[in-house]
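Asks: To start, I am sharing the structure in question, which I have written as C-alpha cells.
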Amino acid sequence: QVQLVESGGGLVQPGGSLRLSCAASEFTSDDYTMAWFRQAPGKEREGVSCISNSDGRTYYAASVKGRFTISRDNAKNTVLLQMNSLKPEDTAVYYCAADSWPCTTYSTGDYSGRGGMDYWGNGTLVTVSS
C-alpha cells in the first residue's frame with residue numbers, strides 16, 4: 001500500500017495563509033496523479049486541487065481558484081498545497097490522494113474530483129476563524 005501523510009493544518013485567521021504538505025512513501029510521487037480533497041462537517045468530500053502525472057498540469061475547484069496553488073517536490077516525494085486568502089468556508093479536514101489516472105475536469109477546466117482515487121491519507125484539519 002502507498003502511504004500518504006498530510007501535515008501543516010492548524011488554526012488561521014480569515015485572510016491568512018497555510019501550506020499543507022503530503023509526504024508519499026513506497027513510490028515516486030511524479031509517477032502518480034496527486035490531489036487534495038476536503039470535507040467539512042456535514043458535507044460530502046470534494047476535490048480541491050490536482051496535479052496530473054501525465055503532463056504535470058494543475059487544476060483547481062472553482063471555489064479555490066486564484067487562492068490555492070498545488071505543486072510537487074519530486075526529490076522529497078511531496079506534494080504541497082499553498083492556501084492564501086483563506087475564508088471560514090475553507091474550514092475542513094484536508095486529505096491527500098494519489099491515483100494512476102490523470103486529473104479529471106469539467107468542461108470549464110475546473111477540477112471535478114470525480115472518478116475515485118487509489119490511495120488516501122488520513123487528513124489534516126484546517127480551521128479558519130477569527
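The values are calculated or read from the model by the stated rules, or taken from the named source; none is laboratory data. Bear in mind that the values here come from a model prediction, so they are computed numbers and not experimental data. Positions of Cβ are generated from backbone atoms using ideal geometry, with glycine treated the same way; all protein chains shown enter the neighbour counts. For accessibility, only protein heavy atoms count, side chains too; no ligands or nucleic acids. Shrake-Rupley method; radii C 1.70, N 1.55, O 1.52, S 1.80 Å.
Asks: Restricting the first residue to region 115-130 and requiring it to be assigned to a strand (DSSP E or B) and buried (at least 18 other Cβ atoms within 10 Å of the Cβ), which pairs with a second residue that is at pLDDT 95 or above and of a type in the set (D, E, K, R) meet a Cβ separation below 7 Å and a spacing of at least six or different chains?
Replies: THR124/GLU6; VAL126/ASP90; VAL128/LYS87; VAL128/ASP90
Asks: Out of all the residues in region 58-85, which are in contact with a Leu (Cβ under 6 Å, 6 or more places away or on another chain), polar (S, T, N, Q) and closer than 20 Å to GLN13 by Cα?
Replies: Answer for region 58-85, where residues must be in contact with a Leu (Cβ under 6 Å, 6 or more places away or on another chain), polar (S, T, N, Q) and closer than 20 Å to GLN13 by Cα: there is none.
Asks: So, one more: Select, from THR58, THR69, THR78, the only residue that is touching a Lys or Arg at 6+ places or on another chain (Cβ under 9 Å) and surrounded by 15 or more Cβ atoms within 10 Å (Cβ to Cβ).
Replies: Working: THR58 fails: touching a Lys or Arg at 6+ places or on another chain (Cβ under 9 Å); THR69 fails: touching a Lys or Arg at 6+ places or on another chain (Cβ under 9 Å).
Matching residue, one of THR58, THR69, THR78: THR78.
Asks: Only one of (1) under 19 Å from TYR32 (Cα atoms); (2) touching an Asp or Glu at 6+ places or on another chain (Cβ under 7 Å) is not met by VAL79, so which one is it?
Replies: Checking VAL79 against (1) under 19 Å from TYR32 (Cα atoms); (2) touching an Asp or Glu at 6+ places or on another chain (Cβ under 7 Å), the one that fails is (2).
Asks: How many of the residues in region 94-112 are without any contact (Cβ under 8 Å) to a residue 60 or more places away in the chain and open to solvent by 40 Å² or more (accessible area, probe 1.4 Å)? Steps first, answer last, please.
Replies: Going through region 94-112, the residues without any contact (Cβ under 8 Å) to a residue 60 or more places away in the chain turn out to be 104-110.
Remaining after also requiring open to solvent by 40 Å² or more (accessible area, probe 1.4 Å): 104-108.
Looking only at that region, the number is 5.
Asks: Report the residue count in region 21-42 for those that are open to solvent by 60 Å² or more (accessible area, probe 1.4 Å) and either within 14 Å of the chain's Cα centre (by Cα) or modelled with pLDDT of 95 or more (or both).
Replies: Of the residues in region 21-42, 1 are open to solvent by 60 Å² or more (accessible area, probe 1.4 Å) and either within 14 Å of the chain's Cα centre (by Cα) or modelled with pLDDT of 95 or more (or both).
Asks: To continue, here is another question. What strands (runs of 3 or more DSSP E) lie completely within region 30-87 and have 2 or more residues being under 14 Å from ALA98 (Cα atoms) and either touching a residue at least 24 places away in the same chain (Cβ under 8 Å) or not hydrophobic (A, V, I, L, M, F, W, C) (or both)? Walk me through how you get there before you give the answer.
Replies: On the way: elements: 33-39, 46-51, 58-60, 68-73, 78-83.
Strands (runs of 3 or more DSSP E) meeting the threshold: 33-39, 46-51, 68-73, 78-83.
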